[in-house]
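Below is one structure, written out as structure tokens; the observations come after it.
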Amino acid sequence: LIEVALPLEAINIAGMNEKRRGTGTIRNIHKCFAPMPGPVWRVLLAASLIDDPEDDEKRADLLEQLTKLVPADGGYPTQDAVELVKKLLGNQAHLLDETVVLDPFCGGGSTLLEAQRLGFNTVASDLNPVPTLITRVTTDLLAKVRENYSNMNPDVLGSDWKQFFTAEILKWAAVVRDASFQELSGIYPESKYGT
């Protein structure tokens, strides 16, 4: 389908609105060289596997279905996005399990994150350690925390796994910051503006 047609208007609106969001996107964590808006990747990945029906009416219906992957507000698709893609693939739904999305220059990981949202297996690498860390956290560690949340002590976590995860990030970021300051304090002069 990707070679014939895409729901461009829906993709453009969702991509533009995702860029305007102040929180909740990879670009808000770290400015990578060429961050791709998530909604764009979602549709491109799905359309790369779905066959064109070679019928204008069926194609229009298929494009309408694909717009469900790109909410106009630039947010995330509904939980049934994987089921929608499986339905659109029909008797080729096995491709989701068999296809591996490789991103050898992953940057912030938007390609991988969107591929995982649709049910693809992913593999990535990057030479820059900052985006590699971001990608590891967003595509691997965060999912593990969410999966294991139900097994953790609710008295320790509170009522929301996101609050727990945020507190853990802040705690360990402070540990890294303090260790870095201690190790580098003899190399760099103290700033008059504070730490």
When we measure straight from the Cα of K87, which lysines land under 16 angstrom away, once same-chain ones fewer than 8 places off are left out? K58, K68
Expected sort for 183-192, 87-96, 117-126 on mean C-beta neighbours within 10 Å, highest first, is 117-126, 87-96, 183-192
Starting from the Cα of K192, draw a straight line to each of the lysines and keep only those under 27 Å, dropping any in the same chain fewer than 8 residues away. K171
Mean separation of Cα contacts under 8 Å (at least 6 apart) over the residue count of the stretch 55-133, i.e. the relative contact order in percent, is 23 percent
Could you list which residues have their amide H under 5 Å from that of N121, counting only those 5 or more apart in sequence or on another chain, with H placed in the peptide plane? T99, V101
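Computed from the coordinates by the stated procedures, all read-outs in this text should not be read as laboratory data. All values reported here derive from a predicted model rather than from experimental measurement. All Cβ positions, even for glycine, are placed from backbone atoms using ideal geometry, and neighbour counts span all protein chains on display.
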